[in-house]
Amino acid sequence: MSGWEALILGLVQGLTEYLPVSSSGHLEIGNYLLGIQGESNLLFTVLVHGATVLSTIVVLWAEIWSLIKNFFRFQWNEEMEYVCKIFVSMIPVLFVGVFLKDYVEELFGNGLLVVGCMLLVTAILLAFSYFAKPRSKEKIGWKDAFIIGVAQACAVMPGLSRSGSTIATGLLLGCKKEKIAQFSFIMVIIPILGEMFLDIVGGDFAAAAQEGIPATSLLIGFFAAFISGCVACKWMLNIVKKGKLIWFAVYCAIIGIAAIVLPLLQA
C-alpha cells in the first residue's frame, strides 16, 4: 500500500465513519478501485478505526469525561443512567461479535454486490426517518437504547451505515436530534476498541503485520483518518440538528447503484 493509497483510504474512513454513508462500504469500494487485497489490509483497517475512535474522544471529550467522572462516583444520577443505557445498547453487537463474527467477516472482500444492496437499504432508512414525524421524547429510554443497539448490530454488514442506522432508528423512535447524534457516536467507542483488542489477542493483527505495510503508509492513513474524523464528527452533529439527512439518502442510493453496476460493466 502506497502513501497515496493510505491517504485516500484514511480520508475515506475518517469522513464516512460519522457521515451516514457507511465507512465499511466505502473502504470496500476504495479497496476494489485501488486493487488492494490481502491480510495486510486488516492491519490498516484496525488502525484507521482506532483513529476515528480517538477523534470521537477528542471532539466529545467534555461529555465523555463528565460521564466517566460521574459513573465512578457509583451514585445513581443522570450520567450513571446514560452510561448504563450505553451498555444496554452494546448487548446486540456483543451477541453478533461472539456468535456471528466469522459469518460477518465472510461478507467482506467478496465483491461489491452486498455493499451496493446495503447502501440502498441505508438510503431507504435515511429517507424514511427524514419524512417520518414521530412524537419527540425528552430523553432516550431503556427500550430505545436496546433497539438502537440492534440497529448498530445490523450495521456490521458492509454498506449498511452504522451512524445512519443508529441515528435514523433513534429519530424514528422519537429521540431528539442532538441527543441521538451524541448517543450514536459515544455508543460505538467500546465496541470498536473491543474489536481491536480481540484482533490483537487473536493473532489476526500480528499475522497481518507480518505481510507488511510500510510504516509511513500506516502513519499517513492513521492521521488522515483522525483529522478527517474530527471534522466529520463536528459536521455530522450540526447536520443532524438541522435534519438534512435526505441528501445522504440520495447519495447512498447513487453510490449503491454504482457499486452494483460497476462490477457488471467490468465483467
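The values are calculated or read from the model by the stated rules, or taken from the named source; none is laboratory data. Treat the numbers as computed from the prediction; the structure is a model and nothing was measured. A quick note on method: Cβ atoms are made from the backbone with ideal geometry, for glycine too, and the neighbour counts reach across all protein chains shown.
Structure summary
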quantity	calculated
Residue identified as of a type in the set (Ser, Thr, Tyr) and modelled with pLDDT under 85 among Ser161, Ser217, Ser184	Ser217
Residues being touching a Lys or Arg at 6+ places or on another chain (Cβ under 6 Å) and either in a loop (DSSP other than H, G, I, E, B) or at pLDDT 85 or above (or both) - total across the stretch 226-242	0
Among the residues listed as Gly30, Gly25, Gly10, the single one being farther than 25 Å from Cys117 by Cβ, small (Gly, Ala, Ser) and either at pLDDT below 80 or in a helix (DSSP H, G or I) (or both)	Gly10
Pick from the stretch 179-188, criterion part of a helix (DSSP H, G or I) and within 10 Å of the chain's Cα centre (by Cα), ranking: nearest to Ile64 (Cα to Cα)	Phe185
Identity of the residue in the stretch 245-260, within 15 Å of Gly159 (Cα to Cα) and of a type in the set (Val, Ile, Thr), that ends up surrounded by the most Cβ atoms within 10 Å (Cβ to Cβ)	Ile255
Restricting the stretch 36-79 to residues that are modelled with pLDDT under 80 and part of a helix (DSSP H, G or I), the residue that is nearest to Leu219 (Cα to Cα)	Phe44
Residues satisfying the stated conditions in the stretch 48-80, i.e. among the charged types (D, E, K, R), more than 22 Å from Met236 (Cβ to Cβ) and either surrounded by 13 or more Cβ atoms within 10 Å (Cβ to Cβ) or touching a residue at least 60 places away in the same chain (Cβ under 8 Å) (or both)	Glu79
